[in-house]
1. Find the residue count for segment 19-43, including only residues that are farther than 18 Å from GLU130 by Cβ and surrounded by fewer than 15 Cβ atoms within 10 Å (Cβ to Cβ).
2. Quick check on GLU118: is it closer than 30 Å to LYS239 by Cα, more than 26 Å from the chain's Cα centre (by Cα), open to solvent by 50 Å² or more (accessible area, probe 1.4 Å) and of a type in the set (Asp, Glu)?
3. Examine segment 278-298 for a residue that is free of Cβ contacts under 8 Å to residues at least 24 places away in the same chain and among the basic types (Lys, Arg), and state whether such a residue exists.
4. Could you count how many residues in segment 433-462 are open to solvent by 70 Å² or more (accessible area, probe 1.4 Å) and under 25 Å from ARG65 (Cβ atoms)?
5. Which of the residues spanning segment 19-54 are part of a loop (DSSP other than H, G, I, E, B) and acidic (Asp, Glu)?
6. Within segment 88-109, is even one residue over 27 Å from LYS264 (Cβ atoms), surrounded by fewer than 17 Cβ atoms within 10 Å (Cβ to Cβ) and not assigned by the TED database to the domain that holds GLU133?
7. I'd like to verify a number: residues in segment 68-118 that are β-branched (Val, Ile, Thr) and at positive phi, how many?
8. What are the residue pairs meeting all of these: first residue in segment 212-233, first residue outside any helix (DSSP H, G or I), second residue modelled with pLDDT of 90 or more and exposed (fewer than 12 other Cβ atoms within 10 Å of the Cβ), Cβ atoms under 7 Å, and 6 or more apart or on different chains?
Amino acid sequence: MSGSYDDSVGVEVSSDSFWEVGNYKRTVKRIDDGHRLCNDLMNCIHERARIEKVYAQQLTEWAKRWKQLVEKGPQYGTVERAWCAFMSEAEKVSELHLEVKGSLMNEDFEKIKNWQKEAFHKQMMGGFKETKEAEDGFRKAQKPWAKKLKEVEAAKKAYHAACKEEKLAVSRETNSKADPALNPEQLKKLQDKVERSKQDVLKTKEKYEKSLKELDNATPQYMENMEQVFEQCQQFEEKRLRFFREVLLEVQKHLDLSNVSSYKNIYRELEQNIKTADAVEDLRWFRANQGPGMSMNWPQFEEWSADLNRTLSRREKKKASDGVTLTGINQTGDQVSQPNKHSSSLSVQSNTVQSVQSSYNPFEDEEDTGSTVSEKEDNKIKNVSSYEKNQSYPTDWSDEESNNPFSSTDANGDTNPFDEDTSPAMEVRVRALYDYEGQEQDELSFKAGDELTKMENEDEQGWCKGRLDNGQVGLYPANYVEPIQ
């Protein structure tokens, strides 16, 4: 450190004190550290803003996916609306976190960036103007005192050398008196040497004391000048510290959603939507629209007609039965009219009725039995609930799936009577020829070489229904597999 001054070369720093020559460097370095800390704070805010953005995107994706699953699933009525309220909450919270991200980057980040640009000015030769000014100020304040300190050090060394020489001369003179071979002339020279060394000691001591006194006299001015430059550095650092405190408070306000009225309203609205769920109302609606409250064309005696002699094929029957309007509607007064996401009109789709049948109707016409089982199952696939279409959930959600009372197998190993029947004769083991990644919730994903079970034959669109070895059931392209010989 002391090498910064030509006059202070050779001056030894005896302590870690600020007042030692060159020890002001730590104060000067703090200016460069302040610029780096601005960069660190901007990076910190930038990373938090990126986290807020990713969280907002994940909330939006989660809400979109689960909203579709709930709407297509078997849940209905007020409980469905209460469930969907969670997705609405996620979408609104996502918007708030995007606003947080925008505030962090557009306000806080830019504010620090602009302040750093105004507070620190780069030089052509590198470094900052503020650093050079502080360096020059300390050098100027320390130079006179450092020069006198160098003189003191030189005088001290000369004095100590003279003392050493005096001691050596006295020792020689004492030893010569005991030597009888030494002539008087040589003894005289030794005595003169002792006398001269004593005079040198006095002279160097006087010079050492004088230079030390001059250093002491210059010390107050030296301290005043150093204090002045140091205070200038303190004021510059104080501006940075106060600015950081101000920015951190603004960041805290942007991150704290508890004081945002719209954030509170989101959860107030969510609570109200959940509380409006009414089991009695939902059960009454289900009875009226899906249960005994539905109307029915009860069988009546019909006269034979020649026009009805021809038996319709299953495909013609499905076309004719699509959108059949039921008559003879009788509803009790307590039945509540509520929108039905599955079948709100009085028109019953034929594939909806067929989806709950475990096998074909034995009372249909004989020609009807000629239709393939795959044609019967086509309509079942179209009406599979979200629970059947989405069996690719992470396995870490629950390790007690065997205890699920709604699973296809009960505790005794018996099959669930509500599961759809699949003819064992239709099941064929096949091997995948290519990799396939399911594009929809009801599609399977597999790799080339994987084996699976084909449960239904290929439909008109070229799709088959199959089951993976892990139990997942879904659709896959028929030309992606081959039978295992």
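1. 3
2. In short, yes.
3. no
4. The number of residues fulfilling the criteria is 7.
5. Within segment 19-54, just GLU20 meets the criteria.
6. So far as segment 88-109 goes, no, none of its residues is over 27 Å from LYS264 (Cβ atoms), surrounded by fewer than 17 Cβ atoms within 10 Å (Cβ to Cβ) and not assigned by the TED database to the domain that holds GLU133.
7. First pass over segment 68-118, keeping only residues β-branched (Val, Ile, Thr): 70, 78-79, 93, 100, 112.
Retained after the next criterion (residues that are at positive phi): none.
Within segment 68-118, residues that are β-branched (Val, Ile, Thr) and at positive phi number 0.
8. That search, which allows pairs on different chains as well, returns nothing.
The values are calculated or read from the model by the stated rules, or taken from the named source; none is laboratory data. These figures come from a predicted structure and were not determined experimentally. Methodologically, a virtual Cβ is constructed for each residue, glycine included, from the backbone with ideal geometry; neighbour enumeration extends over all protein chains shown. Ligands, DNA and RNA are stripped out before the accessible areas are found, and what is left, the full protein with its side chains, is counted by its heavy atoms. Shrake-Rupley method; radii C 1.70, N 1.55, O 1.52, S 1.80 Å.
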